[in-house]
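The values are calculated or read from the model by the stated rules, or taken from the named source; none is laboratory data. Predicted model, so just to flag it, every value in this text is computed and none were measured. All Cβ positions, even for glycine, are placed from backbone atoms using ideal geometry, and neighbour counts span all protein chains on display. Accessible surface is based on the protein model in full, side chains and every heavy atom, while ligands, DNA and RNA are left aside. Shrake-Rupley method; radii C 1.70, N 1.55, O 1.52, S 1.80 Å.
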Amino acid sequence: MVKPFYQGKLDTFCAIYAVLNALRLTHSIRVLKARNILNETLMALATSPEVFRAVLEQETDYCTLVDGMLRAQSRVFPLDVRQPFGTDQDPSAEQVWDCCDQWLNGGSNRAIVFRFLRHITPDSPAVNRHWTTADSLKDNVLHLFDCSHEAEAILNVRKGSFVTRPQEIEQDKLLYIQPETIRLIRLPV
């Protein structure tokens, strides 16, 4: 069974790892290729100290980084990448769930990359902003092919356990999936 590439405990590169894990699912990339892509990405970021600092200090939403990586890697690995929800849209959790279900159960060699924010209480700020990769959706559970080794890592998302609008966060729904960050990835047909 293929395992995800894991993020280091101290780094802030989960968005990069989410893309690497999507490529692992769609193209079966191995460690050396993933390391090369990681290094290329970090070198490209280093050419702009402001952008690199924003990535290191988590002062970005990482969408530009994710999209840039997917664009760069699509020159080497054929990729069909879609963004189902734009910043001008306001999909419900049900619409996001249906999108994930149709995508992941619509064929092989598919992945979904997205960002979520996790809260401890409904009125507290997010304690965690994390990019991840989903690889399957079965029995009302979205399974994550995640880069985290942390004990509190989220590896599954149950239907009805998340929101897609920050104002809907409540005690039983402390996970906020940001719809505009969702990228659907597959091999071209």
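For the range 1-153, with every protein chain kept in place, what is the accessible area per residue (1.4 Å probe, Å²)? Don't jump to the answer; show the numbers that get you there.
Working: 8250 Å² over 153 residues.
Per-residue value: 54 Å².
Using the Cα centre of the range 5-62 as origin and beta-carbon charges of +1 (Lys, Arg) and -1 (Asp, Glu), tell me which of 41, 23, 60 is placed farthest towards the positive end of the dipole.
Working it through, the farthest residue towards the positive pole turns out to be 23.
What does the charge dipole of the chain about its Cα centre add up to, to the nearest 20 debye, if the Cβ of each Lys and Arg holds +1 and the Cβ of each Asp and Glu holds -1?
900
Within the set of other residues whose C-beta is less than 14 Å from the C-beta of residue 172, count the net charge using Lys and Arg as +1 and Asp and Glu as -1.
Cβ neighbours under 14 Å give a net charge of +2.
In terms of Cα to Cα distance under 17 Å, which lysines are near enough to residue 33, apart from those fewer than 8 places away along the same chain?
Answer for residue 33, where 17 Å is the Cα cut-off: 3, listed by chain and number.
Just order 97-107, 11-21, 39-49 by mean Cβ neighbour count inside 10 Å, highest at the front, would you?
Top to bottom by mean Cβ count within 10 Å: 11-21, 97-107, 39-49.
Quick one: the Cα spread of the range 1-79 along its three principal axes, in angstroms, biggest first?
For the range 1-79, the Cα spread along each principal axis is 37, 29, 20 Å.
What's the local net charge at residue 115, with K and R +1, D and E -1, over the other residues with C-beta under 12 Å away? Before the final figure, lay out the partial values.
Numbers: positive: 118, 129, 183; negative: 61, 180.
Net of charged neighbours comes to +1.
Please list, or write none, the lysines whose alpha carbon is within less than 16 Å of the alpha carbon of residue 173, excluding same-chain residues fewer than 8 places away.
Here the lysines satisfying the reach criterion relative to residue 173 are 159.
List the relative contact order of the range 88-157 as a percent without decimals, with contacts defined as Cα pairs under 8 Å and 6+ residues apart.
On the way: 82 pairs, mean separation 14.6, N = 70.
Over the range 88-157, the number comes to 21 percent.
Mind jotting down a quarter of the surface of the convex hull over the alpha carbons of the chain, in square nanometres, one decimal?
About 10.9 nm², averaged over all directions.
Just to confirm a number: summing +1 for Lys and Arg and -1 for Asp and Glu over residues other than residue 132 whose beta-carbon lies under 14 angstrom from that of residue 132, what do you get?
Neighbourhood net charge equals +1.
What part of the accessible area of the chain, given as a whole %, is carbon or sulfur when the probe is 1.4 angstrom?
50
Which helices, counted as full DSSP H runs in the chain, have an axial Cα extent of no less than 18 Å and a Kyte-Doolittle average of 0.0 or above? Working shown, then result.
Values: long enough: 14-27 (19 Å, 1.06); 31-46 (22 Å, 0.73).
Span-like helices here: 14-27, 31-46.
With +1 on each Lys and Arg Cβ and -1 on each Asp and Glu Cβ, how big is the dipole of the range 61-120 about its Cα centre, in debye rounded to the nearest 20? List each step's numbers first, then the result.
Numbers: 6 positive and 8 negative charges, 77 e Å.
Here the size comes out at about 360 debye.
So what is the diffusion coefficient of the range 59-139 in µm² per second by Stokes-Einstein at 10 °C and 1.306 mPa s, using a Kirkwood Rh over Cα pairs?
Taking Rh from Cα pairs, D becomes 107 µm²/s.
Only Cα pairs under 8 Å and at least 6 apart count here; give the relative contact order of the chain as a rounded whole percent.
Here the relative contact order equals 29 percent.
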